[in-house]
1. Quick check, is Val125 out of contact with any strand residue (DSSP E or B) (no Cβ under 6 Å at 6 or more places or on another chain), more than 30 Å from Asp170 (Cα to Cα) and not in a strand (DSSP E or B)?
2. Go through (1) surrounded by 15 or more Cβ atoms within 10 Å (Cβ to Cβ); (2) under 24 Å from Met63 (Cβ atoms); (3) out of contact with any helix residue (DSSP H, G or I) (no Cβ under 7 Å at 6 or more places or on another chain) one by one and return the number of the condition Ala137 breaks.
3. Can you name every residue in the range 147-183 that is hydrophobic (A, V, I, L, M, F, W, C), in contact with a helix residue (DSSP H, G or I) (Cβ under 9 Å, 6 or more places away or on another chain) and within 14 Å of Gly120 (Cα to Cα)?
4. From (1) out of contact with any strand residue (DSSP E or B) (no Cβ under 7 Å at 6 or more places or on another chain); (2) touching a residue at least 24 places away in the same chain (Cβ under 8 Å); (3) farther than 23 Å from Asp115 by Cβ, pick out the condition that doesn't hold for Ser72.
5. For the structure I just gave you, tell me whether Ile130 is open to solvent by less than 90 Å² (accessible area, probe 1.4 Å), over 30 Å from Pro68 (Cβ atoms) and touching a Ser or Thr at 6+ places or on another chain (Cβ under 9 Å).
6. Within the range 131-146, does at least one residue satisfy the condition of being over 26 Å from Asn55 (Cα atoms), within 17 Å of the chain's Cα centre (by Cα) and in contact (Cβ under 8 Å) with a residue 40 or more places away in the chain?
7. From Glu121, Glu157, Glu107, grab the single residue that is under 30 Å from Leu36 (Cα atoms) and over 15 Å from the mean Cα position of the chain (by Cα).
8. Having 3 or more residues that are out of contact with any Gly (no Cβ under 7 Å at 6 or more places or on another chain), charged (D, E, K, R) and surrounded by 15 or more Cβ atoms within 10 Å (Cβ to Cβ) is the bar; report the strands (runs of 3 or more DSSP E) wholly within the range 26-119 that clear it.
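The values are calculated or read from the model by the stated rules, or taken from the named source; none is laboratory data. These numbers come from a predicted model, not from an experiment. With ideal geometry, Cβ positions are generated from the backbone for all residues, glycine too; neighbour counts draw on all protein chains shown. Remember, those area values only see protein heavy atoms, side chains included, never the ligands or the DNA or RNA. Shrake-Rupley method; radii C 1.70, N 1.55, O 1.52, S 1.80 Å.
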Amino acid sequence: MDERVQKYDGKMTKTLKGLEAELTTIRAGRANPHILDKITVDYYGSPTPLQQVANITVPEARMIQIQPWEASLIKAIEKAILTSDLGLNPSNDGKIIRLVLPELTEERRKELVKDVKKKGEAAKVAVRNIRRDANDAFKKLVKQDVSEDEVKDLSDEVQKLTDKYMKDIDAAVEKKSKEILTV
């Protein structure tokens, strides 16, 4: 692969990885500790990711257990979960916080699938923008004594990359949608 194309390949890879990371935070009925990835807790005045102040486990298929390393953090963790957009009610026994994930309704599953598709479409737009940027950069090379054939070859290479990443995005969206719709 041409080093001029490799730069754009890296950007497309980052877009795909970003989408995959975002999809792991969407809950699909089963307990997944990654749904808590975006939650930060006020820890001595600074917002700290939940994973850095507590041990997170999944003892059952639809329960997440959070055990803070300091008992004084229980209230702060509960508050962070309640103010998040997860829609979960934490319960605690003074030492451990438990999150019971309710069974997803059919309507909620369809909403989540729509959301997944929206995120997939946003990733595709990002990949197309990268392709456009690459093609614009290649067109400028013609002025710098690069043959038009070489520019066409570079553009073709970027188009192949774009097609590959579009398939990968579709596959990731399809996989997550299936996971959500599986009861």
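1. Working: out of contact with any strand residue (DSSP E or B) (no Cβ under 6 Å at 6 or more places or on another chain): yes; more than 30 Å from Asp170 (Cα to Cα): no; not in a strand (DSSP E or B): yes.
The answer is no for Val125.
2. The one condition Ala137 does not meet is (2).
3. Step one: list which residues in the range 147-183 are hydrophobic (A, V, I, L, M, F, W, C), which gives 151, 154, 158, 161, 166, 169, 171-173, 180-181, 183.
Filter once more, so that each one left must be in contact with a helix residue (DSSP H, G or I) (Cβ under 9 Å, 6 or more places away or on another chain): 151, 154, 158, 161, 166, 169, 172-173, 180-181, 183.
Within the range 147-183, Met166, Ile169, Ala172, Val173 qualify.
4. The failed condition is (2).
5. Details: open to solvent by less than 90 Å² (accessible area, probe 1.4 Å): yes; over 30 Å from Pro68 (Cβ atoms): yes; touching a Ser or Thr at 6+ places or on another chain (Cβ under 9 Å): yes.
For Ile130, the condition - open to solvent by less than 90 Å² (accessible area, probe 1.4 Å), over 30 Å from Pro68 (Cβ atoms) and touching a Ser or Thr at 6+ places or on another chain (Cβ under 9 Å) - is met.
6. Filtering the range 131-146 for residues over 26 Å from Asn55 (Cα atoms) gives 131-146.
Subset that is within 17 Å of the chain's Cα centre (by Cα): none.
No, that holds for no residue.
7. Details: Glu121 fails: over 15 Å from the mean Cα position of the chain (by Cα); Glu157 fails: under 30 Å from Leu36 (Cα atoms).
Residue meeting the stated conditions: Glu107.
8. none
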